[in-house]
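Following: one structure in structure tokens, then a few remarks.
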Amino acid sequence: MNVVITFFSELRRRKVIQTLIPFMGVIWLLLQIIAVVTPLLNFSPFIATSLTIFLFACFPVVFYLAWYFDITPQGIIVTEVDRSEVQKPLGVKWWIGFTFVLIGSLMLGSHYFNSARVDYAKRTEGLVSNITATSIAVLPFRDQSPDNDQHYLAAGVTEELASLLGQVAGLQVAAASAGFNLARQNLLPVDIARRLQVDTLLSGSIYKSGNQIRLRVELINAKDGMTLWSQSFSRNLSDIFAVETEIARTIVNLLQQRYLEAGSLTSLNSTASTDAYMMYLRGREQYRLQTTESIKEARRLFEQALALDPEYAMAYVALADTIISLAEGSASFGVLKADIAATLAEQHLAKALVRAPELAEAHAVRGLLLFYLQSNYDAALPALDKALSLNPNLAQAHLWRFAALEQLGRSQDAWQALQQAYRLDPIALTHQYNLAFKLAERGELNAAEQQYQQLIADFPKSPMGYAGLADLYTQTGELAASLDYWQQAYRLSPENSNYQQNAIGIMLELGLLEAAEQQTDDPFYQATLLLRREQHDELFTQMTFQLGANPEDPWIAFEAGWYQLLVGDKTEGIELLLQAHKHFQPADLLSMPMCSPALEIAWAYQQRQQADVATKLLQQCAASLPAPGPDGYQDIYRRYLNARLATLQHKPELAITELSAAVSQGWRQWWSQHDPLLAPIAQTAEAKALFGQIEQALQQQQTKAQALLQTRAN
């Protein structure tokens with residue numbers, strides 16, 4: 001309180017109020033004069049606004065000066081600090097204070113001046129919106145041409161607007177592909193916005209007749225579906241890029257506080273040839289179909305676009321992307337040798353980057369090339385980071401970055417990249433599948449299950465959602481449900497032998513031997529069938545023949561040895577494992593998720609009292625184990641592996657703990673009670689109880705599986 005009283009006392013003594021009142025009067029008088037003169041002289045209203053901001057920004061400076069100076073009949077003099085002392089001249093501190101006040105006033109005035117300038121510019125253009133938004137999705141434009149034959153042009157406008165808006169910092173733009181996928185589900189715009197988690201939607205239509213186009217665009221509030229702004233644009237087709245940039249600039253100015261001047265957004269997807277652009281758009285239409293035939297057709301169309309305009313940078317990027325898709329590999333369409341595809345793609349990307357160094361898509365596809373075809377993950381990251389610095393809304397670039405980071409072992413960074421890819425495109429099949437898979441890996445099983453179910457709802461004809469659920473249910477011990485989903489995946493993709501193999505594997509695990517035999521006559525499963533039927537003599541006869549026919553094949557020796565350990569002569573089994581070890585390559589010994597056959601071979605050396613070799617193998621196994629998930633989650637294979645490792649390291653209490661965790665999480669392997677590696681703990685009461693739980697759970701799952709198989713058969 002004393003400080004306040006002292007402050008007001010000083011105000012009176014220094015006559016600050018007496019100075020400020022005339023200053024405010026001068027401001028009022030000037031504003032009145034400006035209000036009268038501005039319309040008479042046809043001055044811009046912004047002049048009055050600017051002068052008002054300037055005068056009020058001067059207020060702190062006037063206050064500061066009034067504190068230290070008095071206006072007297074003798075002129076302006078320094079205010080006395082203490083009447084009992086000789087007046088001292090103002091020193092460095094005063095000048096420092098004055099400098100701070102002056103700079104602060106300038107910054108304050110500049111802030112309000114820019115805000116007023118932006119507001120005036122927006123009002124001049126009629127860009128007044130009642131909401132401020134940070135996210136938007138561009139819905140597929142509708143083709144309203146007379147012949148309804150311009151779908152590719154409408155889709156191209158949609159993609160280009162999303163790309164232009166994506167370049168604006170601070171604005172999250174959902175991937176155009178997400179809008180395409182949701183539009184096919186015939187959802188209302190508000191429902192699409194809710195699924196994409198955006199504040200606003202941009203929709204529109206296109207009408208083309210000859211070389212004339214008319215675009216009708218609408219900006220929609222996602223909360224209530226009300227139209228915030230709409231406008232029509234009629235132009236020549238050759239002006240399509242200018243129209244797109246004008247629309248994108250208008251949207252940004254409507255939704256954000258900033259003001260983008262005309263020409264501040266540039267389309268790097270432009271070409272001087274209208275015919276080349278039309279050819280490029282037809283290629284994009286084929287590319288989106290994602291079949292081998294359509295990708296090959298897309299390549300042909302992009303090459304034609306470049307023949308019409310050899311300077312068309314975006315066509316080079318599209319061609320490179322298409323060639324990468326045509327390279328051999330599990331994730332592509334496999335008609336080109338990988339090295340040839342890499343060389344061709346690199347050549348096209350070099351041409352694109354020479355013509356448009358700031359083209360985000362070019363850097364993104366270059367990152368894909370380095371990652372996918374050249375396995376150069378360290379070099380891929382800078383390319384992808386460059387792409388995202390130019391356009392942070394490239395969902396696919398975030399996904400590729402996730403994959404590269406995974407390969408580099410940077411799991412937490414990879415998880416963040418995947419989440420961002422999903423935020424930008426929560427509909428993409430690959431985004432949903434990878435997110436669900438990583439959620440399961442992190443131990444968030446319920447969330448993973450929901451994500452796989454959503455994937456199935458969005459893509460009911462894709463096997464990936466079914467396969468994901470099948471794998472998840474295997475991890476949790478729900479083998480009957482897993483079998484059902486593996487079979488559904490196989491029905492949707494009968495050429496994928498992996499789905500069939502997993503289904504047969506579960507049938508064998510559950511003892512559904514006749515059902516397994518109905519699925520296949522592949523001799524690969526013969527040994528397992530004999531083992532499950534307890535036809536051990538016939539099994540060992542068959543394995544002896546295989547060993548004789550393939551004397552240096554370590555996997556056959558290992559398999560034969562493993563069967564001997566489970567149900568035959570353990571001494572012979574040990575000998576076979578040691579024999580196999582001589583022929584294994586070092587990299588093959590540590591196969592995950594069970595660190596096999598290194599663990600079994602280490603056990604064999606322990607039985608032969610060769611502790612040094614066994615210890616070395618165990619150390620190699622422990623060193624090769626992936627780190628647990630971010631939340632400490634460990635899957636059932638890792639838990640069971642830990643139990644075996646602990647047993648071999650003579651840690652029985654830890655072995656029981658890990659075995660218990662594996663069983664509680666869903667470990668359901670029938671052979672566990674026969675596992676020779678767990679023999680030291682197998683006769684304990686705790687282990688017997690756990691093996692009993694496995695047996696009981698398998699019986700329950702067998703009953704459920706039989707019912708499901710019967711239902712499907714009917």
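Structural remarks
- The listed residue being touching a Phe, Trp or Tyr at 6+ places or on another chain (Cβ under 7 Å) and surrounded by fewer than 21 Cβ atoms within 10 Å (Cβ to Cβ), out of Gln518, Gln500, Gln542, Gln453: Gln500
- Of all residue pairs spaced 6 or more apart or on separate chains, those with beta-carbon atoms under 8 Å, a first member in the stretch 691-714 that is of a type in the set (Phe, Trp, Tyr) and modelled with pLDDT of 95 or more and a second member that is surrounded by 13 or more Cβ atoms within 10 Å (Cβ to Cβ) and in a helix (DSSP H, G or I) are Phe691/Ser672; Phe691/Gln673; Phe691/Ala682.
- Just so you know, in the stretch 197-231 the residues that are crowded, with 22+ Cβ neighbours inside 10 Å and more than 19 Å from Val173 (Cβ to Cβ) include one that is modelled with the lowest pLDDT, and it is Ile213.
- Counted residues, the stretch 255-276 - those being among the hydrophobic types (A, V, I, L, M, F, W, C), crowded, with 17+ Cβ neighbours inside 10 Å and either modelled with pLDDT of 80 or more or over 22 Å from Leu201 (Cα atoms) (or both): 3
- Close contacts from the stretch 628-641, counting a first residue that is assigned to a loop (DSSP other than H, G, I, E, B) and a second that is modelled with pLDDT under 65, with Cβ to Cβ under 9 Å and a gap of 6+ residues or different chains, come to Pro628/Gln634; Asp635/Gly629.
Conditions tested, residue by residue: (1) touching an Asp or Glu at 6+ places or on another chain (Cβ under 6 Å); (2) closer than 30 Å to Arg410 by Cα; (3) of a type in the set (A, V, I, L, M, F, W, C).
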residue: Met543; (1), (2), (3): no, no, yes
residue: Phe558; (1), (2), (3): no, no, yes
residue: Thr571; (1), (2), (3): no, no, no
residue: Ala580; (1), (2), (3): no, no, yes
residue: Asp588; (1), (2), (3): no, yes, no
residue: Lys616; (1), (2), (3): no, yes, no
residue: Ser624; (1), (2), (3): no, yes, no
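- Looking across Leu319, Leu326, one residue alone is more than 20 Å from Pro382 (Cβ to Cβ), surrounded by fewer than 24 Cβ atoms within 10 Å (Cβ to Cβ), without any contact (Cβ under 8 Å) to a residue 40 or more places away in the chain and in contact with a Phe, Trp or Tyr (Cβ under 8 Å, 6 or more places away or on another chain). It is Leu326.
- Of all residues in the stretch 221-240, those being assigned to a helix (DSSP H, G or I) and either in contact (Cβ under 8 Å) with a residue 40 or more places away in the chain or outside the structural domain of Thr158 (by TED's automatic domain parsing) (or both) number 1.
- For the stretch 271-293, a tally of residues being under 26 Å from the mean Cα position of the chain (by Cα), assigned to a helix (DSSP H, G or I) and without any contact (Cβ under 8 Å) to a residue 60 or more places away in the chain returns 4.
- Within the stretch 462-479, restricting attention to residues that are part of a helix (DSSP H, G or I) and surrounded by fewer than 22 Cβ atoms within 10 Å (Cβ to Cβ), the residue that is modelled with the lowest pLDDT is Gln475.
- Residue within the stretch 342-364 that is touching a Lys or Arg at 6+ places or on another chain (Cβ under 7 Å) and more than 30 Å from Asn114 (Cα to Cα) present: yes
- In the set (1) touching a helix residue (DSSP H, G or I) at 6+ places or on another chain (Cβ under 8 Å); (2) in a helix (DSSP H, G or I); (3) farther than 27 Å from Trp603 by Cα, the condition left unmet by Gln501 is number (1).
The values are calculated or read from the model by the stated rules, or taken from the named source; none is laboratory data. Keep in mind it's a predicted model, so treat the numbers as computed, not measured. Ideal geometry is used to build each Cβ from the backbone, glycine not excepted, and the neighbour counts take in all protein chains shown.
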